[in-house]
Amino acid sequence: MATLRLNGIRKRYPNGITALHGIDLSVADGELIVVVGPSGCGKSTLLRTVAGLESISDGELMINEQRVNALEPAERDIAMVFQNYALYPHMSVFENMAYALKNRGTPKDEIRRRVTDTARLLDLAELLDRRPRQLSGGQRQRVAMGRAIVREPQVFLFDEPLSNLDAKLRVQMRLEIRRLQKRLGITSVYVTHDQVEAMTLADRLVVMNGGHVEQCGTPMMLYAQPATRFVASFLGSPAMNFLPLAAHRDAVVLPNGAQVALPDMLSAGRAATLGIRPEHLVEAASQPEAAAVLDVTVEMLEPLGADTLAYTRLPGLDEWLVVRLDGAHAAREGQRLSLAFAMANCHVFDAQGMRVPVSNEASVSLREAQ
Amino acid sequence: MHYRRPGLDRLSHALLALCCLLFLLPVWLAFTASTHTLDALYSQTASLWFGEAGWGNYRHLLSGSFGGLGTDVLTLLINSTIMALGIAIGKIAISVLAAYAIVFFRFPFRRLCFWLIFITLMLPVEVRILPTFEVVADLGLLDSYAGLILPLIASATATFLMRQFFLTVPPELVEAARIDGAGPWRFLRDILLPLSKTNLAALFVIMFLYGWNQYLWPLLITNDADYLTIVVSLKRLLTSADGLVPWQNVTATAILAMLPPVAVILLMQRYFVKGLVDSEK
Ligand SMILES: Nc1ncnc2c1ncn2[C@@H]1O[C@H](COP(=O)(O)OP(=O)(O)OP(=O)(O)O)[C@@H](O)[C@H]1O
Ligand SMILES: [Mg+2]
């Protein structure tokens with residue numbers, strides 16, 4: 001049972017690269033925090049400084065409100081699951097799982113009991129005598145989990161533990177990890193660059209970018225209220241559409257020339273980008289109360305079964321405008337569509353990419369394109 | 001590669017057999033010669049078959065001093081074995097530790113240390129043999145096992161090979177061990193050495209042969225027949241006899257001198273194969 005707290009953690013590598021610029025994060029007991037971000041944003045570095053594999057340049061790391069900056073990894077009582085599992089190739093599954101306990105001087109019969117219990121939990125009981133190379137990828141992954149679980153650590157750290165598995169196994173192990181983590185109630189930090197994994201696993205999600213925390217909150221909160229344009233673009237697949245806005249007196253102008261009045265906006269001048277998720281663009285016909293603003297041409301269709309993604313062209317916009325249509329929609333390439341959206345579903349960002357608050361009740365009022 | 005061509009198969013087997021014969025011929029000649037009497041050897045042309053002396057020559061060699069050496073073959077074999085084992089084990093111990101330090105520890109001048117070790121590769125033993133002799137003589141190690149072994153156990157080659165192997169150990173393995181609470185010695189003993197088994201076996205064979213075949217150094221520092229090694233004695237047998245060279249003794253000693261290295265190779269070969277099968281991937 002443990003809490004984990006990071007106070008302004010900085011990491012500067014000897015070669016001068018600053019990988020973490022002051023991370024503040026507080027993890028409650030039994031919580032599963034998922035850290036996501038693009039490659040090179042410092043996710044692994046964050047995990048490794050928590051593990052004690054990298055020294056902390058500045059800031060404080062607290063486990064159970066005890067400062068552990070100077071402790072060796074083994075003394076911090078954490079367990080880590082590596083991307084490539086890092087199982088000891090010359091040891092059997094049993095020995096792999098028992099090694100940490102053995103090093104701590106745990107009595108033999110207790111080691112045996114704990115390893116067999118954990119093996120049963122993970123469905124590994126039949127495999128205890130095998131060597132890692134005699135296991136499938138999923139089994140190796142489970143052994144790596146078992147090696148972490150058997151120690152009953154204060155904190156679990158996962159560094160992209162599922163990225164070496166195929167898609168189906170990944171989904172299965174994702175559920176497994178979620179189930180085990182809840183059942184054991186061990187405080188965990190989980191790093192991934194897969195946003196589906198992040199959304200589904202997390203109690204709270206931390207989105208990182210360039211060594212900073214962009215936003216931290218529940219997955220749905222981050223999805224619905226992204227604090228920055230970066231978070232908005234990072235979460236969701238396909239990504240959010242962004243329309244550059246031009247200021248025009250009391251309104252803003254979309255790339256196709258249509259004006260949008262943002263009634264309660266404190267300063268229309270701040271708004272630089274309008275973000276709309278593909279599922280929030282609907283056909284104007286189905287929403288008679290919203291005026292059709294966006295007349296687009298379908299350029300490409302991606303049928304996914306339940307949905308069909310339409311890559312459409314909006315005059316004046318360089319990128320595609322992606323629309324999520326119903327799977328049964330009879331759209332054809334080259335067809336014209338009239339799209340509408342509700343202001344409540346829009347995200348407005350300023351030139352720095354920060355969210356500009358827009359009242360949810362504000363309805364979009366549109367004027368003729370000029 | 002396997003081509004389905006019976007003709008090619010037969011040809012390559014024939015070639016292989018021929019080469020084996022060629023390699024075996026000198027050994028065979030030496031072996032048969034060692035079973036002839038001296039008179040027989042000098043009175044006829046080289047015979048390809050066993051002579052009438054049989055095991056008598058060997059019994060003679062093993063039972064007492066002969067050929068003016070002042071010792072018997074058994075002592076020679078024991079001396080050589082002690083020296084070769086000492087050199088092989090010492091070299092491996094030192095190079096494993098040196099490579100371990102260089103690869104896994106961050107200390108000042110680490111790179112310099114590596115290069116210093118590496119540079120000694122470029123100095124052949126013969127260049128430094130006289131100063132080494134001085135040192136060993138000053139330490140009073142002439143005519144002793146320590147004198148035979150110690151100056152030869154620092155090995156840049158072995159250090160370099162072990163370093164190259166250690167570099168291939170994935171860093172995550174080191175980190176996993178650190179998290180599992182394995183200190184430096186535990187990591188070396190529980191993880192690094194078991195992983196290096198195949199390499200160590202190969203290195204042991206090479207170093208054992210190197211030690212066994214030492215000639216110049218033992219020749220220099222041993223006068224006492226009690227510390228004579230078998231390889232040195234072979235040369236001495238050829239020259240010490242006034243008049244006729246006792247070929248039957250020379251060949252028999254040579255055959256005996258081959259046995260321990262062959263035994264070591266056969267023994268270690270099992271470990272290569274086992275190691276290869278075990279630790280692949
Ligand atoms: N040992 C190191 N020495 C110097 N710089 C490093 C070191 N490890 C990482 N970095 C740098 O620190 C930054 C963050 O790296 P990190 O490995 O934490 O990224 P990441 O978010 O885990 O990326 P990925 O998703 O690709 O694993 C990168 O710019 C990287 O180049
Ligand atoms: Mg990483």
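The values are calculated or read from the model by the stated rules, or taken from the named source; none is laboratory data. Remember, predicted model here, so these are calculated numbers, not experimental data. Virtual Cβ from ideal backbone geometry, glycine too; neighbours counted across all protein chains shown. What goes into the accessible areas is simple: the full protein's heavy atoms, side chains included, and nothing from ligands, DNA or RNA. Shrake-Rupley method; radii C 1.70, N 1.55, O 1.52, S 1.80 Å.
Using alpha-carbon pairs under 8 Å, 6+ residues apart, how would you state the relative contact order of chain A in percent?
Working: 766 pairs, mean separation 58.0, N = 370.
In percent, rounded to a whole number, it is 16.
I'd like the interface area for chains B and A: accessible area of each alone minus the complex, both sides summed, 1.4 Å probe, protein heavy atoms only. What is it in Å² to the nearest 100?
Working: alone 17010 and 17220 Å², together 32200 Å².
Answer for the B-A pair: about 2000 Å² buried.
Counting only protein heavy atoms, what percent of the accessible surface of the protein assembly as shown is carbon or sulfur at a 1.4 Å probe?
Working: 19180 of 32200 Å².
Answer for the protein assembly as shown: carbon and sulfur cover 60 percent of the accessible area.
Per residue of chain A, what 222 nm ellipticity follows from adding -39500 (n - 2.57) for every DSSP H run with n ≥ 4, rounded to the nearest 500?
Roughly -7000 deg cm²/dmol at 222 nm, from the helical runs in chain A.
Report the trypsin sites (Lys or Arg not before Pro) located in segment B:68-137 that are in a DSSP loop and have at most 16 other Cβ atoms inside 10 Å of their Cβ, or state none. Each step should come with its number before you reach the end.
Working: sites: B:Lys91, B:Arg106, B:Arg110, B:Arg111, B:Arg128; in loops: B:Arg106.
Hits after loop and neighbour filter: B:Arg106.
Can you list the residues of segment B:134-177 that have at least 50 square angstrom less accessible area with all protein chains present than in their chain by itself, probe 1.4 Å?
B:Glu172, B:Leu173, B:Glu175
Run lengths n ≥ 4 of DSSP H only: what is the helix-derived mean residue ellipticity at 222 nm for chain B, with -39500 (n - 2.57) per run over all residues, to the nearest 500? It would help to have the intermediate numbers written out before the result.
On the way: 13 runs with 186 residues, N = 281.
Mean residue ellipticity, 222 nm, calculated: -21500 deg cm²/dmol.
Using θ = phi - 60° and the Karplus curve 6.51 cos²θ - 1.76 cosθ + 1.60, what whole-Hz ³J(HN,Hα) does each residue of segment A:180-195 get, with Gly and Pro shown as x?
Rounded to whole hertz, the list is 5, 5, 5, 5, 7, x, 9, 3, 9, 10, 10, 9, 7, 10, 8, 6.
What is the log10 of I(q)/I(0) for segment A:107-243, computed with the Debye formula using one identical point scatterer on each Cα and no solvent, at q = 0.11, 0.13, 0.14, 0.17 Å⁻¹?
With no solvent term, the Cα-only Debye profile gives -0.49, -0.65, -0.73, -0.96.
Please average, across the residues of A:91-98, the number of beta carbons from any other chain that are within 10 Å of each residue's own beta carbon, and give a whole number. Write down the numbers at each step before the final one.
Details: counts 3, 0, 0, 0, 1, 2, 0, 1.
Mean partner shielding for this stretch: 1.
Taking the Cα centre of each part, how many Å lie between segment B:166-195 and segment A:14-67?
24
Mind listing the long-range amide H neighbours of A:Glu299? Cut-off is under 5 Å, sequence gap 5 or more, other chains count too, H placed in the peptide plane at 1.01 Å from N.
Amide H neighbours of A:Glu299, under 5 Å, 5+ apart: A:Tyr311, A:Thr312, A:Arg313, A:Gly334.
Across 10 Å bins from the origin, how do the percents of Cα pairs in segment B:1-63 run, short distances first?
Using 10 Å bins, I get a P(r) of 19, 31, 20, 15, 12, 3 for segment B:1-63.
Could you tell me the distance between the Cα centroids of segment A:164-208 and segment B:208-265, to the nearest Å?
Value for the Cα centre distance between the two parts: 69 Å.
Sort B:Arg189, A:Arg229 by accessible area with a 1.4 Å probe, largest first.
On the way: B:Arg189 140, A:Arg229 95 Å².
My answer, sorted largest first, is B:Arg189, A:Arg229.
Heads up, I need the accessible area for B:Ile102: 1.4 angstrom probe, whole protein in place, Å², nearest 10.
10
Ratio of alpha-carbon Rg to the 2.2 N^0.38 Å globular estimate for segment B:1-148, to two decimals, please. Walk me through the intermediate numbers first.
On the way: Rg = 25.0 Å, N = 148, 2.2 N^0.38 = 14.7 Å.
Expressed relative to 2.2 N^0.38 Å, the Cα Rg reads 1.70.
Can you pull the Rg over Rh of chain B, Cα-only, Kirkwood? The partial results should precede the final answer.
Working: Rg = 23.6 Å, Rh = 22.2 Å.
Ratio value, two decimals: 1.06.
Can you run phi through the Karplus equation (6.51, -1.76, 1.60; θ = phi - 60°) for segment A:89-95 and list ³J(HN,Hα) in whole Hz, with x for Gly and Pro?
Each residue of segment A:89-95 in turn: x, 8, 10, 6, 4, 4, 5 Hz.
Which value does Rg/Rh take for the protein assembly as shown over its C-alpha atoms, Rh per Kirkwood? Intermediate values should be presented prior to the final figure.
Values: Rg = 38.0 Å, Rh = 31.8 Å.
Checking Rg against Rh, the ratio lands at 1.19.
Across the protein assembly as shown, how many lysine pairs, 8 or more positions apart or on different chains, have C-alpha atoms separated by under 17 Å? Please give the number.
On the way: A:Lys11/A:Lys43; B:Lys91/B:Lys197; B:Lys197/B:Lys274; B:Lys197/B:Lys281.
So the count of such lysine pairs works out to 4.
If I stretch the segment between B:Phe107 and B:Thr157 completely, what's the gain in nm (0.36 nm per residue apart, minus their alpha carbon distance), one decimal? Could the numbers behind the result be given before it?
On the way: separation 50, 0.36 × 50 = 18.00 nm, distance 2.21 nm.
That works out to 15.8 nm of additional length.
Keeping all protein chains in the complex and leaving out DNA, RNA and ligands, what accessible area do you get for B:Ser12 with a 1.4 Å probe, in Å² to the nearest 10?
Spelled out: B:Ser12, probe radius 1.4 Å, area about 60 Å².
Tell me which residues come under 5 Å, amide H to amide H, from A:Val35 once H is placed; ignore anything under 5 positions away on its chain.
Residues meeting the criterion, in which the H sits 1.01 Å from N, are A:Tyr190, A:Val191, A:Thr192, A:Val206.
I'm a student and want to see the number: the projected area of the Cα convex hull of segment A:1-127, averaged over all directions, in nm². Could you put the intermediate results ahead of the total?
Values: hull surface 38.5 nm².
Over every viewing direction, the Cα hull of segment A:1-127 projects on average to 9.6 nm².
Apply the Karplus parameterisation 6.51 cos²θ - 1.76 cosθ + 1.60, with θ equal to phi minus 60°, to every residue of segment A:17-24 and state each ³J(HN,Hα) to the nearest whole Hz, in sequence, with x for glycine and proline.
Taking θ as phi minus 60°, the curve returns 6, 9, 8, 10, 9, x, 9, 10 Hz for segment A:17-24.
Please list, in chain and number order, the residues 5+ apart from A:Gln215 or on another chain whose amide H is under 5 Å from its amide H, with Hs placed from the backbone.
Amide H neighbours of A:Gln215, under 5 Å, 5+ apart: A:Val207.
Check each residue of segment A:75-90 and keep those whose accessible area, probe 1.4 Å, is at least 40 Å² smaller with all protein chains in place than in the chain alone; give them in order of residue number.
Listed by number, the residues meeting the 40 Å² cut-off are A:Phe82, A:Tyr88, A:Pro89, A:His90.
For chain A, state the semi-axes of the equivalent ellipsoid (square roots of 5 times the eigenvalues of the alpha-carbon gyration tensor), sorted largest first and rounded to whole angstrom. Provide the component values of the computation, followed by the final result.
On the way: eigenvalues 450, 120, 47 Å².
One finds semi-axes of 47, 25, 15 Å for chain A.
Taking only protein heavy atoms into account and a 1.4 Å probe, give the accessible area per residue of the protein assembly as shown in Å². Spell out each step's value before the answer.
Values: 32200 Å² over 651 residues.
With the other protein chains kept in place, the protein assembly as shown gives 49 Å² per residue.
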